[in-house]
Structure formats: C-alpha cells, structure tokens
1. Phe198 is checked against (1) closer than 28 Å to Ala79 by Cα; (2) crowded, with 16+ Cβ neighbours inside 10 Å; (3) out of contact with any helix residue (DSSP H, G or I) (no Cβ under 9 Å at 6 or more places or on another chain) and fails just one. What number does that condition carry?
2. Considering Ala92, Ala129, Ala78, which residue is farther than 23 Å from His181 by Cβ and not aromatic (Phe, Trp, Tyr)?
3. Looking at the range 104-120, which of the residues that are of a type in the set (Gly, Ala, Ser) and closer than 13 Å to Ile174 by Cβ is nearest to the chain's Cα centre (by Cα)?
4. Out of the residues in the range 79-118 that are among the aromatic types (Phe, Trp, Tyr) and within 25 Å of Glu61 (Cα to Cα), which is surrounded by the fewest Cβ atoms within 10 Å (Cβ to Cβ)?
5. Working carefully through the options Leu36, Leu94, Leu32, find the one that is under 28 Å from Val173 (Cβ atoms) and in a strand (DSSP E or B).
6. Which condition does Ile174 not pass, out of (1) surrounded by fewer than 17 Cβ atoms within 10 Å (Cβ to Cβ); (2) modelled with pLDDT of 95 or more, if it passes all the others?
7. Please work out which one of (1) buried (at least 19 other Cβ atoms within 10 Å of the Cβ); (2) over 27 Å from Phe155 (Cα atoms) is the condition Glu66 fails and give its number.
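The values are calculated or read from the model by the stated rules, or taken from the named source; none is laboratory data. Just so it is clear, the structure is predicted and the values come from calculations on it, not from any experiment. A quick note on method: Cβ atoms are made from the backbone with ideal geometry, for glycine too, and the neighbour counts reach across all protein chains shown.
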Amino acid sequence: MPRDNRSITTADIMPLPEYETIRADKKQEAILRKKLTRIAVGPNTSAMFETWDSMWLQIQEMLRIEKGGADQVPDEIAAYDPMVPKGSELTATLLFEVPDPVRRDAFLRTIGGVEDHISIQVGGEVIRARPEGDVERTRESDGKASAVHFLHFDFTPSAIAAWKGGEGQAMLVIDHPNYGHAALISADARAYLARECF
C-alpha cells in the first residue's frame with residue numbers, strides 16, 4: 001500500500017477524471033477523520049494532525065482547483081509530502097482563527113514567536129514543535145505571527161511507547177505568555193494517530 005512508504009510519489013496521484021469518481025467518498029472520509037485529528041486549543045486556535053491520507057487529499061484538491069495537470073504534480077508533492085509523518089513524528093497544521101480581520105491582525109501581533117511555545121506532552125515527556133522549514137512564521141520586521149503554522153513533533157522511542165500504550169494524558173500545549181492554553185488529545189485520537197503515524 002503506497003501510504004506504508006510514508007511518502008507521496010507521482011505514482012500515488014490520480015488523474016483528475018479518476019479522482020472525480022471517488023472524490024465524494026474521499027471528502028466524506030476526511031470529515032470523519034477530522035473528528036479524530038482536529039482539536040481546539042483555547043478560543044482562537046485549532047490544530048489538525050496530518051496523515052498520509054490528509055496530505056494526499058490536499059494534493060488532489062490543489063490539482064483539481066488549479067488544473068495544472070502533470071506539470072503541477074511535482075510542486076504539490078514538494079509542498080505537501082514533508083508534512084506526511086515519517087514514522088517517528090506527528091505533524092500538525094495549526095490555525096489561529098479570529099473571524100474579524102482587524103481583531104485577527106491585532107491578535108497575531110501579540111503572539112510573535114508562538115512557534116517556539118508549542119509542545120505535545122505525553123508520559124512525562126515534552127515534545128517541542130519543530131516548524132516546517134519552508135517560510136518564517138513570525139515576521140522579523142514587526143513580530144507578527146502567521147495565522148497558519150506547519151509543525152513537526154519528533155518523538156523519542158519512549159515517547160512513542162507512552163503514546164501507543166495510552167500512558168497518562170496526552171496534551172497539545174501552547175505556553176506563549178500571551179496565549180496559554182492546553183487541550184487533551186483523546187484516547188481515540190491517540191489510537192488512530194498511532195496506527196497512521198508511528
């Protein structure tokens with residue numbers, strides 16, 4: 001099964017006409033998956049843990065929207081394959097969601113450097129987030145944080161064992177001085193992510 005390789009290749013990408021025949025089913029699967037992989041962290045943040053399937057769907061959807069055909073495929077794989085968990089990590093897209101644009105801008109200016117204040121805690125271990133290295137997430141010019149962050153959590157073998165074994169509570173924690181919140185990660189989510197990511 002391609003997903004077992006923990007990487008998306010051009011061979012995994014379906015031509016658009018084929019994808020259209022299964023798109024409704026794949027979108028329904030995504031809705032069900034989000035019940036296990038999306039969690040709120042405080043009032044203004046949600047985190048979406050990523051999997052091979054979520055990144056594959058994102059690539060297929062980008063190809064469907066932009067209609068760049070085969071020439072577009074390498075760029076989309078280059079953009080999204082790094083967020084496929086590679087066997088000893090979890091990956092997540094973190095969104096700061098403030099509907100009003102003026103309030104959102106003001107809020108993001110108060111949480112500069114937040115990418116250095118995000119962790120998963122499990123079994124007495126703290127796994128600090130490692131931002132995806134594609135772009136800076138806090139602007140140097142004014143300290144404004146991005147509304148979207150792509151994060152890796154590199155697990156040690158003992159942290160993986162604690163996660164899989166259901167040891168203690170698992171939490172996603174943001175400990176920024178201006179935004180301190182934590183969210184429990186459910187047992188069902190842990191089991192699902194253990195199967196998909198480790």
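1. Evaluating Phe198 over (1) closer than 28 Å to Ala79 by Cα; (2) crowded, with 16+ Cβ neighbours inside 10 Å; (3) out of contact with any helix residue (DSSP H, G or I) (no Cβ under 9 Å at 6 or more places or on another chain) leaves (3) as the failure.
2. Ala78
3. Ser119
4. It comes out as Tyr80.
5. Numbers: Leu36 fails: in a strand (DSSP E or B); Leu32 fails: in a strand (DSSP E or B).
Being under 28 Å from Val173 (Cβ atoms) and in a strand (DSSP E or B) holds for just one of Leu36, Leu94, Leu32, which is Leu94.
6. Only one criterion in (1) surrounded by fewer than 17 Cβ atoms within 10 Å (Cβ to Cβ); (2) modelled with pLDDT of 95 or more is unmet by Ile174, namely (1).
7. (1)
Yes/no matrix, rows are residues, columns are (1) free of Cβ contacts under 8 Å to residues at least 60 places away in the same chain; (2) out of contact with any Pro (no Cβ under 8 Å at 6 or more places or on another chain); (3) crowded, with 17+ Cβ neighbours inside 10 Å:
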position: Phe49; (1), (2), (3): no, yes, yes
position: Gln60; (1), (2), (3): yes, yes, yes
position: Asp71; (1), (2), (3): yes, yes, no
position: Ile77; (1), (2), (3): no, yes, yes
position: Gly124; (1), (2), (3): yes, yes, no
